[in-house]
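Working notes, beginning with the structure itself.
The values are calculated or read from the model by the stated rules, or taken from the named source; none is laboratory data. Just so it is clear, the structure is predicted and the values come from calculations on it, not from any experiment. Please note: Cβ atoms are built from the backbone with ideal geometry, for glycine as well, and neighbour counts cover all protein chains shown.
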Amino acid sequence: MRTLCLCGLILAIGGCQQTDSKFERFPVSGTVSLDGEPIKAGRIMFIDPQMTLDPDPAEIVDGAYKLMATAGHRRVEVNVSREVPGKKTPLGSPVYKEVVDPKYNLNSTLEAEIMPEPAPGNILDFEVKSIQ
């Protein structure tokens, strides 16, 4: 009897699973440049303005990024940190500073629309500027 109940419970739980299209992810890729030059290493993040979904982050490598992201309107943040020459933490680690203007990260004005498209999906390129 116990085995029968357990099997029934497993079937009921498995049969009730539904995928929520709100969480379905779609391919997004593109390039990111800083002052006209490809970003060698950085990070890009696609953020739901309503903050109801987790951000979709990706590493920028040699000016390009690639990720799977949820569809919809997103605020985009770009971060690039560079080592500060001659500066070390008290433990001897290098000190880094953000080089991208805050209007492209903390106060980002960049926006994108992620469309529910199969591969190659959304190709979104961004140009950002340094802190002046």
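One table, with the values for the structure above:
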{"quantity": "Criterion (of a type in the set (S, T, N, Q), modelled with pLDDT of 95 or more and farther than 11 Å from residue 43 by Cα) met by exactly one of 81, 108", "calculated": "108"}
{"quantity": "Checking residue 54 against (1) surrounded by 11 or more Cβ atoms within 10 Å (Cβ to Cβ); (2) part of a loop (DSSP other than H, G, I, E, B); (3) charged (D, E, K, R), the condition it does not meet", "calculated": "(1)"}
{"quantity": "Residue match in the range 111-122 (condition: within 16 Å of the chain's Cα centre (by Cα) and closer than 17 Å to residue 35 by Cα)", "calculated": "no"}
{"quantity": "Qualifying residue in the range 97-110 (condition: of a type in the set (Val, Ile, Thr), free of Cβ contacts under 8 Å to residues at least 60 places away in the same chain and either in contact with a helix residue (DSSP H, G or I) (Cβ under 7 Å, 6 or more places away or on another chain) or under 19 Å from residue 27 (Cβ atoms) (or both))", "calculated": "yes"}
{"quantity": "Test result for residue 45, under 13 Å from the mean Cα position of the chain (by Cα), more than 20 Å from residue 98 (Cβ to Cβ) and either at pLDDT 95 or above or not in a loop (DSSP other than H, G, I, E, B) (or both)", "calculated": "no"}
